[in-house]
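J.: One structure follows; several queries about it will come next.
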Amino acid sequence: MGKRVDFTNRRMLYRQVKDFLLGQIQKGVYAPGEVIPAERELADKLGVSRYTVRRAIQELVDEGILYRVQGNGTFVHERKRSAHPRSNSIGIVLPLCDAEMEMLLLNGMQRALRETKYSMTLLVSNNDSEKELEEIRHLRDEQVSGLVIMPSQEPRGGLAAYELKKDGFPFVLVDRRVPGCETDCVMSDNIQGGSLATEYLLDLGHERIAFVKHESDQTSSMKDRFVGYQQALCKRGLGDGLMFSLTRDGGPSELKALLDEYTAIVAVNGYVAVDVVKMCRELGVVIPDDLSIVSFDDLSITRLLDVPLTAVAQYSEMIGYRAVKLLLEKIEIQQRLEPGEPVYFTQYYYPTKLVERQSCRALR
């Protein structure tokens, strides 16, 4: 055990720990790209509580000096960010790169970059909020001129938006907002889409309609679709409805009780809809005779099922196109901004449309 550092001003203990860590980084004791000691080890070495160490580290993470990698520890950033970003590259951060919606978004983004001086660098978060933050900081270290971000599904997805906004760095959120952070964004009108799906089923005579999602989905788009679903039910005097979450390891049994009580389902996206269809098949539930389904997202897989699904379609390519165009506008505007000049945010909400197929039946 090394010699303990003498911290005497107890009221500002965490700041002293923070200054100590900064000093160690500046001296090269904790080198760029290397992991710093664990909280417990630092607490023992410095003679303070783990809470004090955790608070000091969190401030350094918030300031971009350290970054966390889930399961691997806390690291020193490899280089200081340049104040002069490159003028010919933008960064794209998506949860996945092989999912159909993300591919459509990318098609639109690439189309928007044609005949411009910009290229794109794509990084993928794998729906991990910690990795998302790491990739965003990596792109800033690479001096991209701006970012388009589709936040991950986790509750902390998109939290880098606060840091980017504070720093005045140009970025646009796509498909999902970040709660409490007003900024530029481009997405579908998810409330309108949720209402559209529900009203369609109501017009067919269904009154017992459930809203189904994956347990891990905490995105603003999911919440907005649920709001639209609730609004449609409330207009018909049918209460607030039910949000049902499919667990990662759950099977048909977790859905059985729901199917005994409800005649129709609004699936929050195409992947949830496909999971429901598979479970129905195992339970012997016939679509649409026993259950009607409307899926949000008009994905290829939902069109190729034995019973093609009625779906709420999004203009995903146009959303990707508009997000990049908006980002390029913001980059140019920022280059002309005078100190203290107010910054205005632009939000595009594209309407959705219903594509009617064979997965719903009329009850009257």
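J.: Can you give me the number of residues within the stretch 284-316 that are buried (at least 18 other Cβ atoms within 10 Å of the Cβ) and either small (G, A, S) or under 18 Å from the mean Cα position of the chain (by Cα) (or both)?
T.: Of the residues in the stretch 284-316, 7 are buried (at least 18 other Cβ atoms within 10 Å of the Cβ) and either small (G, A, S) or under 18 Å from the mean Cα position of the chain (by Cα) (or both).
J.: Scan the stretch 166-180 and tell me whether some residue there is small (G, A, S), in contact with a helix residue (DSSP H, G or I) (Cβ under 7 Å, 6 or more places away or on another chain), in the same structural domain as N127 (by TED's automatic domain parsing) and within 30 Å of Y271 (Cβ to Cβ).
T.: No, because not a single residue in the stretch 166-180 is small (G, A, S), in contact with a helix residue (DSSP H, G or I) (Cβ under 7 Å, 6 or more places away or on another chain), in the same structural domain as N127 (by TED's automatic domain parsing) and within 30 Å of Y271 (Cβ to Cβ).
J.: In this structure, is L354 at pLDDT 95 or above, surrounded by 14 or more Cβ atoms within 10 Å (Cβ to Cβ) and farther than 28 Å from L164 by Cβ?
T.: Numbers: at pLDDT 95 or above: yes; surrounded by 14 or more Cβ atoms within 10 Å (Cβ to Cβ): yes; farther than 28 Å from L164 by Cβ: yes.
Considered against the rule, which asks whether it is at pLDDT 95 or above, surrounded by 14 or more Cβ atoms within 10 Å (Cβ to Cβ) and farther than 28 Å from L164 by Cβ, L354 comes out as yes.
J.: Filter the stretch 77-98 down to residues that are surrounded by 17 or more Cβ atoms within 10 Å (Cβ to Cβ) and assigned to a loop (DSSP other than H, G, I, E, B) and give me whichever is modelled with the lowest pLDDT.
T.: Filtering the stretch 77-98 for residues that are surrounded by 17 or more Cβ atoms within 10 Å (Cβ to Cβ) and assigned to a loop (DSSP other than H, G, I, E, B), the one modelled with the lowest pLDDT comes out as P85.
J.: Then there is this: Starting from residues that are of a type in the set (A, V, I, L, M, F, W, C) and part of a strand (DSSP E or B), keep the ones in the stretch 294-339 and report whichever is nearest to Q110 (Cα to Cα). Talk me through it step by step, then tell me what you get.
T.: Kept after step one, since they are of a type in the set (A, V, I, L, M, F, W, C), are these residues of the stretch 294-339: 294, 296, 299, 301, 304-305, 307, 309, 311-313, 318-319, 323-324, 326-328, 331, 333, 337.
In the following step, the residues that additionally are part of a strand (DSSP E or B) were identified as 294, 296, 311-313.
Values: V294: 31, F296: 25, A311: 26, V312: 25, A313: 21 Å.
My answer is A313.
J.: V48 is checked against (1) loosely packed, with under 14 Cβ neighbours inside 10 Å; (2) at pLDDT 80 or above; (3) part of a loop (DSSP other than H, G, I, E, B) and fails just one. What number does that condition carry?
T.: If we test V48 against (1) loosely packed, with under 14 Cβ neighbours inside 10 Å; (2) at pLDDT 80 or above; (3) part of a loop (DSSP other than H, G, I, E, B), just (1) comes out false.
J.: What pairs come out if I take residues in the stretch 247-274 that are charged (D, E, K, R) and pair them with residues that are surrounded by fewer than 24 Cβ atoms within 10 Å (Cβ to Cβ) and modelled with pLDDT of 95 or more whose C-beta lies under 7 Å away, six or more apart or interchain?
T.: Short answer, once both residue conditions are applied: E261/R208.
J.: Let me ask something else. Condition first: without any contact (Cβ under 8 Å) to a residue 24 or more places away in the chain and surrounded by fewer than 18 Cβ atoms within 10 Å (Cβ to Cβ). Can you find one or more residues in the stretch 146-162 that meet it?
T.: The initial filter retains those residues of the stretch 146-162 that are without any contact (Cβ under 8 Å) to a residue 24 or more places away in the chain, namely 161-162.
Subset that is surrounded by fewer than 18 Cβ atoms within 10 Å (Cβ to Cβ): 162.
Checked the stretch 146-162: at least one residue is without any contact (Cβ under 8 Å) to a residue 24 or more places away in the chain and surrounded by fewer than 18 Cβ atoms within 10 Å (Cβ to Cβ).
J.: Starting from the stretch 32-57, take each residue that is touching a residue at least 40 places away in the same chain (Cβ under 8 Å) and list its partners that are among the aromatic types (F, W, Y) and part of a loop (DSSP other than H, G, I, E, B), counting only C-beta distances under 8 angstrom and pairs at least six apart or across chains.
T.: Cβ pairs passing all conditions: I36/Y30; L46/F7; G47/F7; V48/F7.
The values are calculated or read from the model by the stated rules, or taken from the named source; none is laboratory data. Because the structure is predicted, anything quoted here is derived from the model rather than measured. Note that we place each Cβ from the backbone using ideal geometry, even for glycine, and neighbour counts take in every protein chain shown.
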